[in-house]
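Please treat every number below as a calculation from the coordinates, not as lab data. All values derive from a computational prediction rather than experimental measurement. Positions of Cβ are backbone-derived with ideal geometry, glycine not excepted, and every protein chain shown enters the neighbour counts.
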Amino acid sequence: MKRAVCVLGATGSIGISTLDVLARHPERYRVIALTANRQVERLLQQCLTHQPRYAVMVEEEAAERLRQGLQQKGGATEVLSGVAGLEYVASLDEVDTVMAAIVGAAGLPPTLAAARHGKRVLLANKEALVMSGQLFMDEIREHGAELLPIDSEHNAIFQCMPGNFEQGLENVGVRRILLTASGGPFRNTPIEQLAAVTPEQAVAHPNWSMGRKISVDSATMMNKGLEVIEACWLFNTTPANIQVVLHPQSVIHSMVEYADGSVLAQLGNPDMRTPIAHALAWPERIDSGVSSLDIFSVARLDFEPPDLQRFPCLRLSMEAMEAGGTAPTILNAANEIAVEAFLHEQIGFTAIPRVIETTLERLPSNPADSLERIFADDRAARQVAAELVAGARLS
Ligand code: NAD
Ligand code: MG
């Protein structure tokens, strides 16, 4: 039987890669729904190519333009709007697989809806797990949903883990996780030059082509910090059992070390279609369109420990996870505001961790036991971070 897929965030970098893989296997997959924030033209083209039953634009005005475009071009897709539209398509009975590839906190409500309806959730949106890890994992278990990580490192870890890892890592002979990181474009930039780097320099990732927000997160290494938190929830462990490893070639996507000293790694070209195809077809394997790894031209693999002084966001993330409760929610929200301000040239690159640290100092962490509490702390953190940005006390 064909799998029926909903792609949340279809117009983004992960969404486009997902549609590329799906289109290679029309006999296995049907596209039921595609969603986007406001990129009407791109979603229109995607609707004409993939002919989903539903499309969702978050803004009603954009939804109306998409309806008109579809009418002119003879497309039969029904267009919905708003967060309710996102949740609706992620919950449809006819959908069995949901790609969660919306960027940021906005991805949480429809991703949770997919979990509550027992879907196979392909999780790219790491912010959902950072904001509400406990609640999210509880919903997955309670509703019998299947969670497969798309983030390349977590997908690699999943591939290297024993099948029964949910029994607890120490019970299944896993000693620790080695989470690899490229170190981003500023791994070797003299620290005193970091304050002056521009958004264009920050989004120019050496190995991966990604959306702008996650590219800045890679440059600050907040991305790795969010990934440590993500790994803690996915694999039921703590930051103490996760070693971040700088690996500039981005060929090893992460490793798992066992009690007997064995270290398993997953390697491949840095192309997100590999984890996407893995998670779509799991436990089978399908062609992703990714070329063979040319191990001879790779030739060497380097590893270094991360420098927490150069990358304070990594330290702040680990501290937030150790603090628990809504501290990771506050960290994530302050980061989203700071990154947006940096991309609009309102603050400098090195002000990003300062906005986050000050926000964390000003707001107490609360138990993350309800979505209301999580979103309340998310809003409070956004407000504090926005005031810090506006005050331009930080540059
Ligand atoms: P992107 O910016 O390229 O795309 C984001 C998508 O989300 C777009 O379709 C956009 O229309 C939609 N969107 C944005 N704001 C929205 C809102 N408020 N409401 C609804 N939809 C909204 O981002 P991306 O690089 O594809 O990343 C998507 C997610 O996957 C992020 O959480 C990122 O951390 C994660 N991720 C990405 C990569 C990668 O290689 N790009 C790797 C690992 C994890
Ligand atoms: Mg990653």
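Express the C-alpha Rg of region 291-352 as a ratio against the empirical globular expectation 2.2 N^0.38 Å, rounded to two decimals.
Numbers: Rg = 17.1 Å, N = 62, 2.2 N^0.38 = 10.6 Å.
Computed over Cα atoms of region 291-352, the ratio equals 1.62.
Computed from point charges on the beta carbon alone (+1 for Lys and Arg, -1 for Asp and Glu), the dipole magnitude for region 249-395 about its Cα centre is near 320 Debye.
Here the Karplus relation 6.51 cos²θ - 1.76 cosθ + 1.60, evaluated at θ = phi - 60°, turns the backbone of region 131-147 into coupling constants of 6, 9, x, 5, 4, 5, 5, 4, 5, 4, 5, 4, 9, x, 6, 10, 10 Hz, with x for every Gly and Pro.
Fewest neighbouring Cβ atoms within 10 Å first, the residues Arg379, Arg3, Arg30 line up as Arg379, Arg3, Arg30. Note on Gln243 and Gln346: the model spin-label points, each 7 Å out from Cα along the C-beta direction, lie 4.1 nm apart. Taking amide H as placed 1.01 Å from N in the peptide plane, Glu78 has its amide H under 5 Å from the amide H of Tyr54, Ala55, each at least 5 places away in sequence or on another chain.
So, with +1 on the Cβ of K and R and -1 on the Cβ of D and E, and no other charges, what is the size of the charge dipole of region 100-176 about its Cα centre, to the nearest 20 debye? Each step should come with its number before you reach the end.
On the way: 7 positive and 9 negative charges, 19 e Å.
With Lys and Arg at +1 and Asp and Glu at -1, about 100 debye.
Taking every DSSP bridge with both residues inside the chain, close to 25 percent are antiparallel.
Applying 1/(1 + (r/R0)^6) with R0 = 41 Å to the Cβ-Cβ distance of Glu170 and Gln68, what FRET efficiency is obtained, to the nearest 0.05? Walk me through the intermediate numbers first.
Details: r = 58 Å, r/R0 = 1.41.
Efficiency computed from Cβ-Cβ geometry: 0.10.
Remark: the Gln383-Arg3 segment gains 132.6 nm on full extension, using 0.36 nm per residue and subtracting the alpha carbon distance. Phi angles of region 296-312 translate, via the Karplus equation with coefficients 6.51, -1.76, 1.60 and θ = phi - 60°, into HN-Hα couplings of 6, 7, 5, 6, 9, 10, 10, 9, 9, x, x, 9, 6, 6, 5, 10, x Hz per residue; Gly and Pro are given as x.
Express the relative contact order of the chain as a whole percentage, based on alpha carbon pairs under 8 Å and six or more residues apart in sequence.
Details: 760 pairs, mean separation 56.4, N = 395.
Averaging sequence separation for qualifying contacts and normalising by length gives 14 percent for the chain.
When averaged across all projection directions, what area in nm² does the alpha-carbon convex hull of the chain cover? If I average the Cα hull's projected area over directions, I get 19.2 nm². Between the listed residues Leu246, Leu48, Gly107, the Cα displaced farthest toward the positive end of the dipole of the chain, a dipole computed from Cβ unit charges relative to the Cα centre, is found at Leu48. The modelled label-to-label distance between Arg116 and Glu372, using points 7 Å beyond Cα along the C-beta direction, is 1.4 nm. Eigenvalues of the alpha-carbon gyration tensor of region 156-285, scaled by 5 and square-rooted, set the equivalent ellipsoid semi-axes at 29, 17, 12 angstrom, largest first.
Computed as a quarter of the hull surface, the mean projected area of the alpha carbon convex hull for region 1-92 stands at 5.3 nm². Amide H contacts under 5 Å for Gln266: His253, Ser254, restricted to partners 5 or more places along the chain or on a different chain, H placed in the peptide plane at 1.01 Å from N. Charge dipole (Cα centre; +1 on Lys/Arg Cβ, -1 on Asp/Glu Cβ; no other charges) of region 182-298 amounts to roughly 220 debye.
Here the calculated FRET efficiency for Glu361 and Arg38, from their Cβ-Cβ distance with R0 = 51 Å, stands at 0.90, rounded to the nearest 0.05.
List Glu227, Glu94, Glu357 from most exposed to least, where exposure is judged by having the fewest other Cβ atoms within 10 Å.
Values: Glu227 30, Glu94 11, Glu357 17.
Least to most surrounded, the residues fall as Glu94, Glu357, Glu227.
Can you tell me how region 148-233 classifies by the Cα gyration tensor, rounded, prolate or oblate, using a/c under 1.5 as the rounded cut? Could the numbers behind the result be given before it?
Values: a/c = 3.28, a/b = 2.44, b/c = 1.35.
It is prolate, given that a/c is not under 1.5 and a/b is the larger ratio.
Of all DSSP beta bridges located in region 166-300, what percent are antiparallel, nearest 5? Bridges in region 166-300 that DSSP calls antiparallel: roughly 65 percent.
Sequence-distant contacts, meaning Cα pairs under 8 Å at least 6 residues apart, place the relative contact order of region 161-244 at 41 percent. Taking other Cβ atoms within 10 Å as a rough exposure proxy, Ile286, Ile356 sort from fewest to most as Ile286, Ile356. The H on the amide N of Asn366, modeled in the peptide plane, is under 5 Å from the matching H of Thr326, Ala327, each at least 5 residues off or on a different chain.
For the chain: lysine pairs with Cα atoms under 18 Å, gap of 8 or more or different chains, count?
Details: Lys2/Lys119; Lys126/Lys213; Lys126/Lys224; Lys213/Lys224.
Counting lysine pairs in the chain gives 4.
Across region 1-157, C-alpha contacts under 8 Å between residues 6 or more apart give a mean separation that, scaled by the residue count, equals a relative contact order of 20 percent. Taking the Cα atoms of region 251-292, the ratio Rg/Rh between the radius of gyration and the Kirkwood radius comes to 1.06.
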